[in-house]
Amino acid sequence: MKRAAENKIFDSNAIEKYATNSKNEQSYVQTKIITITSAIYLADYTVCLKFNDGVEGVVNLKNQLNGEIFTPLKDINYFKQFALDGWTITWENGADFAPEFLYKLTLKQINAS
């Protein structure tokens, strides 16, 4: 267990945060941290991702490679060289995608199917 800001305690599986309801009162909300447990390169810029809550799907990241940090990933041979760091997929140059972002892309793809 770790002690977070405002003396709230959280573990590696949850974040404590406060949400404001319509009466402007604070209520406790516990949110599960999303992590990637498996990532398999398929073809082009597509990767099959599995998340710690069991959601699994394919994402195409070709249109997500915006910004200087992602420029090297436009080389497909470099793109293929991602690794899992315990949370998300990363590349040697420091590029990564937030697991929550990849989760939303995965759900969008699943719902489009």
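So for segment 76-97 (the condition being at pLDDT 95 or above, surrounded by 11 or more Cβ atoms within 10 Å (Cβ to Cβ), part of a loop (DSSP other than H, G, I, E, B) and in contact with a Lys or Arg (Cβ under 9 Å, 6 or more places away or on another chain)), does at least one residue qualify?
no
Return the pairs, sorted by first residue and then second, in which the second residue is in a helix (DSSP H, G or I) and loosely packed, with under 15 Cβ neighbours inside 10 Å, the first residue lies in segment 95-113 and is free of Cβ contacts under 8 Å to residues at least 40 places away in the same chain, the beta carbons are less than 8 Å apart, and the residues are 6+ apart or on different chains.
Ala95/Ile69
Given the conditions (1) touching a strand residue (DSSP E or B) at 6+ places or on another chain (Cβ under 6 Å); (2) of a type in the set (Lys, Arg); (3) modelled with pLDDT under 95, report the number of the one that Lys108 does not fulfil.
Condition (1) is where Lys108 drops out.
The values are calculated or read from the model by the stated rules, or taken from the named source; none is laboratory data. Remember, it's a predicted structure, so these values are computed and weren't measured experimentally. Cβ atoms come from the backbone with ideal geometry, glycine included; neighbour counts cover every protein chain shown.
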